[in-house]
Amino acid sequence: VTEIANPEQAAAWNGDEGAHWAAHADRYDASVAAYNEPLFAAAGIRAADAVLDIGCGCGQTTLEAARRAPGGQATGVDLSGPMLAVARSRAAAAGLANVSFVQADAQVEPLGDAAFDVAVSRCGAMFFGDLAAAFANIAHALRPGGHLALIAWTSLDRNEWLTELRRSLAAGRDLPAPQPGGPGPFSLGDPGRTTALLQGAGFRGVDLVEERRDFTFGADAADAFGFVSSIFPVRGLLEPLDTAARAAALGELRATIERHAGPGGVRLGSSAWLITATRA
Ligand SMILES: C[S@@+](CC[C@H](N)C(=O)[O-])C[C@H]1O[C@@H](n2cnc3c(N)ncnc32)[C@H](O)[C@@H]1O
């Protein structure tokens with residue numbers, strides 16, 4: 001058993017929330033799949049590279065990295081046993097032999113000395129309790145000149161998918177906004193802070209570019225409502241409400257989803273930083 005520095009994150013991702021992600025892996029992938037193209041364009045993976053996927057979850061991006069490095073290999077690291085089980089079975093089904101997965105806390109796990117050419121993450125590097133320690137650990141695992149490419153949410157106000165969920169479910173409450181500095185979806189959201197963080201961890205040439213893509217909730221309103229009403233952030237907002245308020249909030253959520261349904265499914269705006277840097 002390796003060291004866990006983020007026990008609350010481990011409890012969630014290796015517990016019920018991770019099980020939900022594992023059970024609905026294709027849907028979660030579809031929700032943010034539009035970010036794969038900018039992520040991999042920036043990562044610049046070459047055929048013989050060793051690639052690290054941080055917080056790889058169910059492994060869609062790890063498999064993509066392995067396909068881009070047929071003469072190299074891709075390693076996914078994640079806290080979640082259930083999500084890694086999906087990742088491993090996907091790798092086997094795809095017949096990819098150059099992929100492996102490690103269940104560990106990327107903040108503290110010894111990932112090797114200069115063992116990787118590239119590190120990527122799609123929304124998996126935002127949950128560290130100690131961001132400085134985590135990125136120093138990741139920098140240590142990259143060879144000098146190695147590349148880092150991350151997708152991480154910008155700010156709440158630029159992410160309609162989340163502001164609309166929160167507005168629908170507020171039920172008169174003044175919900176506390178998640179803060180940069182994390183751990184949470186917006187922990188890398190402040191560009192100045194993230195630049196200083198990565199420089200301090202041993203990276204140079206830090207760059208943040210905003211990418212805006214649609215966040216996809218489902219094929220149609222009924223499909224999207226069924227899924228969204230089951231996700232953990234939504235359950236968390238519903239939980240403190242009494243039965244009547246909960247029913248009203250769910251009605252509001254359904255109306256919101258119906259408003260955003262179109263020919264391409266239920267899509268809401270989202271905004272992420274494409275963060276790139278080079279290991280000094
Ligand atoms: C929002 S999910 C994204 C998963 C995946 N990258 C994707 O795009 O579908 C966040 C992931 O980060 C993982 N995670 C959170 N904290 C972690 C840590 N300290 N070490 C390793 N993985 C972590 C979670 O287990 C979860 O799989």
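Every number here is computed from the coordinates shown, using simple stated rules; none is lab data. None of these values were measured; they are calculated from a predicted model. Backbone-built Cβ (ideal geometry, glycine too); neighbour counts: all protein chains shown.
Averaged across orientations, what area in nm² does the convex hull of the alpha carbons in the stretch 7-158 project? Could the numbers behind the result be given before it?
Details: hull surface 34.7 nm².
Computed as one quarter of the Cα hull surface, the answer is 8.7 nm².
With a 10 Å radius around each residue's Cβ, average the other Cβ atoms per peptide and rank 56-66, 140-150, 174-184, highest first. Provide the component values of the computation, followed by the final result.
Details: 56-66: 26.6, 140-150: 20.6, 174-184: 13.5.
Averaged packing, sorted descending, gives the order 56-66, 140-150, 174-184.
Using the average count of surrounding beta-carbon atoms within 10 Å as a protection proxy, the listed peptides 80-89, 247-256 rank, highest first, as 80-89, 247-256. The alpha carbon gyration tensor of the stretch 170-280 gives principal lengths a ≥ b ≥ c with a/c of 1.5 or higher and a/b no greater than b/c, which makes the shape oblate. Kindly identify the stretch 60-116 as rounded, prolate or oblate by the Cα gyration tensor criterion: order the square roots of the eigenvalues as a ≥ b ≥ c, call it rounded if a/c is under 1.5, otherwise compare a/b with b/c, prolate if a/b is larger, else oblate. Here the stretch 60-116 falls in the oblate category. Sorted ascending by nearby beta carbons within 10 Å, beginning with the fewest, 29, 113, 220 become 113, 220, 29.
State the extension gain, in nm to one decimal, for the chain segment bounded by residue 195 and residue 235, taking 0.36 nm per residue of separation less the distance between their alpha-carbons.
On the way: separation 40, 0.36 × 40 = 14.40 nm, distance 3.37 nm.
Result for the pair: 11.0 nm of gain on full extension.
In the chain, helices alone account for a calculated mean residue ellipticity at 222 nm of -12000 deg cm²/dmol, with every DSSP H run of four or more residues adding -39,500 (n - 2.57).
Summarising the label geometry, the points placed 7 Å from Cα in the beta-carbon direction at residue 12 and residue 207 lie 3.2 nm from one another.
Would you work out the relative contact order for the chain, in percent, from Cα pairs under 8 angstrom that are 6 or more residues apart?
Averaging sequence separation for qualifying contacts and normalising by length gives 20 percent for the chain.
Of the residues 19, 52, 40, the one whose Cα sits farthest toward the positive end of the charge dipole of the stretch 14-57, with +1 on the Cβ of Lys and Arg and -1 on the Cβ of Asp and Glu, is 40.
Summary value for the stretch 1-98: 30 percent relative contact order, contacts being C-alpha pairs under 8 angstrom separated by 6+ residues.
Express in whole angstrom the spacing between the alpha-carbon centres of the stretch 221-249 and the stretch 1-65. A separation of 25 Å, based on Cα centres.
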